[in-house]
1. Charges at C-beta only: +1 for Lys and Arg, -1 for Asp and Glu. How large is the resulting dipole of the range 10-185 about its Cα centre, in Debye rounded to 20?
2. Along Cα→Cβ, 7 Å out, is where each label goes; now give me the distance between the ones at Arg157 and Leu30 in nm to one decimal.
3. For Asp142 and Leu164, compute 0.36 nm times the residue count separating them, minus their Cα-Cα distance, and round to one decimal in nm.
4. Which whole-number percentage describes the relative contact order of the range 10-185, with Cα contacts under 8 Å and a sequence gap of 6 or more?
5. Rank these for me by crowding, His71, His29, going from fewest to most other beta carbons within 10 Å.
6. Hey, what D do you get for the range 10-185 in µm²/s if you plug the Kirkwood alpha-carbon radius into Stokes-Einstein at 20 °C and 1.002 mPa s?
7. On full extension of the chain, what length is gained from Gln54 through Thr111, given 0.36 nm per residue of separation minus the C-alpha to C-alpha distance?
Amino acid sequence: MDHDDLYDDEPPPSLGIVVDDDRGSLPYHLVHGEALVAAAAWALGEAGVTLVDQSVPWASVRDSGETLVLHDSLCPLTPPDFIAACVARSVADDVAVVGVRPVTDTVKQVTDDLVGATLDREGLLVVCSPVVLPPSAVASLDSLPTTDFTELVVLLRERGDVVLVEAPSGAMRVTSDDDVRVLEALGQEPLGQA
């Protein structure tokens, strides 16, 4: 996706929520000296997304008529230009747009608590950030059904169009402090750190 060709001047208006529910304490660990959740919030702001608190009632979000960007606090260094491009794609095509990364770990089949064959990683994807919902999708939901992005994508696919877009490596989802160190080694830093 050519990020620069999706909008000329200003990005389309959108609201954004940094999701930290059900993610333990990891969103408050540091990446380049900033809390993961703070780095994720910075990325939304730099993408032209208006940040709203996760506690804002769903009815207010729905009544805004704006696109909603859900940003996982465990994908803190997702590049702002990638987020903005996903918003533009969602608005232009009236579809949910989801950032994904290829699976790089070995995946094993487990049956009756026994480890079995290694699965082919070709075609396997892991959901990262963002998950962008166009106004039509936001309006069709009574609430945000889950903060688990993988479950959310499954539900969204059952309801309508979802476009999966390969996210850059900086959008990787971290699950441990070791992953945070890998993310730091990729070289992208939050605002004010470069």
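Bear in mind that the values in this text are calculations on the coordinates, not laboratory data. Please read all numbers here as calculations on a predicted model, not as lab measurements. Cβ placement follows ideal geometry from the backbone for every residue including glycine, while neighbour counts extend to all protein chains displayed.
1. Values: 10 positive and 28 negative charges, 38 e Å.
That gives the range 10-185 a dipole magnitude of about 180 debye.
2. Each label point is offset 7 Å from its Cα along the Cβ direction, giving 3.9 nm.
3. Working: separation 22, 0.36 × 22 = 7.92 nm, distance 2.37 nm.
The Asp142-Leu164 span can extend by a further 5.6 nm.
4. Numbers: 334 pairs, mean separation 47.9, N = 176.
Reported as a whole number, the value is 27 percent.
5. On the way: His71 30, His29 16.
In order of increasing Cβ crowding within 10 Å: His29, His71.
6. Working: Rh = 16.6 Å.
Using the Kirkwood radius from Cα pairs, D works out to 129 µm²/s.
7. On the way: separation 57, 0.36 × 57 = 20.52 nm, distance 3.78 nm.
Extra length from Gln54 to Thr111 when fully extended: 16.7 nm.
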